[in-house]
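Nothing in this text is a laboratory measurement; each read-out follows from the coordinates by a stated rule. Note that this is a predicted model, so its numbers are computed, not measured. Note: ideal-geometry Cβ built from the backbone for every residue, glycine included; neighbour counts use all protein chains shown.
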Amino acid sequence: MDRLLTGLQPSGALTIGNYAGGISQVVNYQKDYETFLFVPDMHAITVPQDPEALHKNIINAIALYIACGVDPNLPDMHIYIQSENPYHANLSWIFECHTPHGDLTRMHQFKAKSALHESFTEGLVTYPVLMAADILLYDPKYVPTGIDQKQHVELARNLAIRFNNRYGELFRLPEPLIPTVGAKIRDLQNPEQKMSKSTDNPKASVFLSDTEKQIRKKIMSAVTDSEAVIKFDEANKPGVSNLLTIYSVFADTTVEDAVAKFEGGGYGDLKKATADAVVSKVIPFQDKYNEVINSGIIDDILNEGRDYSIKIAQAKYEQVRRAVGFGRI
Ligand code: AQP
């Protein structure tokens, strides 16, 4: 069975963007692939985190995956925490020593995130190398992701090619799996940017934990434009295009159908329908989330995921370790 692998950083509450680019794809494909779904807590500390909040966000993320439809009872579903498996960091070091510094400082996400902080750590630079290790340890065929992480999956692919050429066939080349709709949900207040969980503007992102009232308020006050024409044109009408995208993701339809439904109408109607669609999916997720978080099942799920992921990752790491000449012959 081919493998699928993805992770969502516990750097805050998850957004509807994380749902569209990450979780919803796992839910759609989970029966067709052996699935490795992990919480990348080591990635989260590339920017400062409060330790107590980080612990909580890790467990909340697991409960939310399940609440959104990830089925932990599928025999080929493995859910785990990155830092509980030491081979991610071990392989990452080897990869760092094979990655030109310039390849990392040229990454879009590094440029965007480093610009937000007066000083930043080396972890922010090397983040995509750790992500390459997260992926390549498991030989997945697909990595479900939004557009923002596509470049990082490409870096993992390039590292795999470099290693296979230099040391012999070690890694399967992964492919990013980008959703046809919802690959980039935009910030509601600044639709030039993508929606992020670590935003400073409380009106910019809709979180999967928001109340119905908060969701409606944020979507009704989304920035659009003064043209009063509903059409999908991301370059010239990013705000309206974003609403059409969010509507399509949460109403399970295509952007073409959404445009056909709303064209000729006002922005207020589009916003209201978008808010209705988001509320109708997200509020039931929250009911299920409360059930999961209080059920006591999370530790068992994580123990199984940890043990299985260590078994797979250790075998791959041993091959790589020998190939690069570490230790005794
Ligand atoms: N706005 C988005 N639209 C579509 N997909 C998105 N993803 C993130 N934002 C959007 C996808 O969600 C998955 C998990 O991402 P991540 O948590 O690992 O890191 P990120 O991409 O840096 O997400 P955020 O929300 O922007 O987090 P912070 O604020 O901590 O940096 C990935 O598949 C990602 O593509």
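Worth pointing out:
- Using the Cβ-Cβ distance between Gln214 and Phe326 with R0 = 51 Å, the FRET efficiency computed as 1/(1 + (r/R0)^6) comes to roughly 0.50.
- 222 nm mean residue ellipticity, helices alone, for the chain (DSSP H n ≥ 4; -39,500 (n - 2.57); rounded to 500): -16000 deg cm²/dmol
- Value of Rg to Rh for the chain (Rh from inverse mean 1/r over Cα pairs, i.e. Kirkwood): 0.98
- For the residue pairs Lys111/Lys141; Lys56/Lys150; Lys141/Lys311, alpha carbon separations beyond 21 Å are given by Lys111/Lys141; Lys56/Lys150.
- Entries of Lys217/Lys237; Lys218/Lys271; Lys31/Lys281; Lys113/Lys184 with Cα pairs more than 19 Å apart: Lys217/Lys237; Lys31/Lys281
- Alpha-carbon centroids, the range 34-54 and the range 293-316: separation in whole Å: 15 Å
- Projecting the Cα atoms of Tyr138, Asn18, Asn60 onto the charge dipole of the chain, computed from C-beta unit charges around the Cα centre, puts Tyr138 farthest toward the positive end.
- Along its principal axes, the range 1-111 has C-alpha extents of 41, 35, 27 angstrom, given from the largest down.
- Under the convention that each Lys and Arg Cβ holds +1 and each Asp and Glu Cβ holds -1, the size of the dipole of the range 20-173 around its Cα centre is about 460 debye.
- Of the DSSP H helices in the chain, those that are both long (alpha-carbon extent of 15 Å or more along the helix axis) and hydrophobic (Kyte-Doolittle mean at least 0.0) are 51-67, 122-136, 238-250.
- Placing unit charges on the Cβ atoms only, positive for Lys and Arg and negative for Asp and Glu, gives the range 90-229 a dipole magnitude near 240 debye about its Cα centre.
- For the chain, the share of DSSP beta bridges that are antiparallel, to the nearest 5, is 10%.
- Most positive-pole-ward Cα, Ile147, Val259, Tyr308, against dipole of the chain from beta carbon charges: Ile147
- Normalised alpha carbon radius of gyration of the range 212-290 [divisor 2.2 N^0.38 Å]: 1.09
- About its Cα centre, the dipole of the chain is roughly 520 debye, where the only charges are +1 on Lys and Arg Cβ and -1 on Asp and Glu Cβ.
- Positive dipole terminus of the range 212-290, leading residue within Asn290, Ser248, Val279 (C-beta point charges): Asn290
- Calculated FRET value between Ile147 and Gln286, using beta carbons and R₀ = 41 Å, to 0.05: 0.95
- Segment Lys231-Thr253, extension gain: residue separation times 0.36 nm, minus the distance between their alpha carbons: 6.3 nm
- Whole-angstrom gap from the range 56-97 to the range 215-236, using each part's C-alpha centre: 35 Å
- Segment Asp300-Leu173, extension gain: residue separation times 0.36 nm, minus the distance between their alpha carbons: 42.6 nm
- A crude spin-label estimate for the pair Arg166 and Asp269, with each label 7 Å from Cα along the Cβ direction, gives 6.0 nm.
- Burial ranking of peptide ranges 75-82, 62-69, 260-267 (average Cβ count within 10 Å, highest at the top): 62-69, 75-82, 260-267
- Förster-model FRET efficiency, 25 Å R0, Tyr29 and Trp93, C-beta, rounded to 0.05: 0.20
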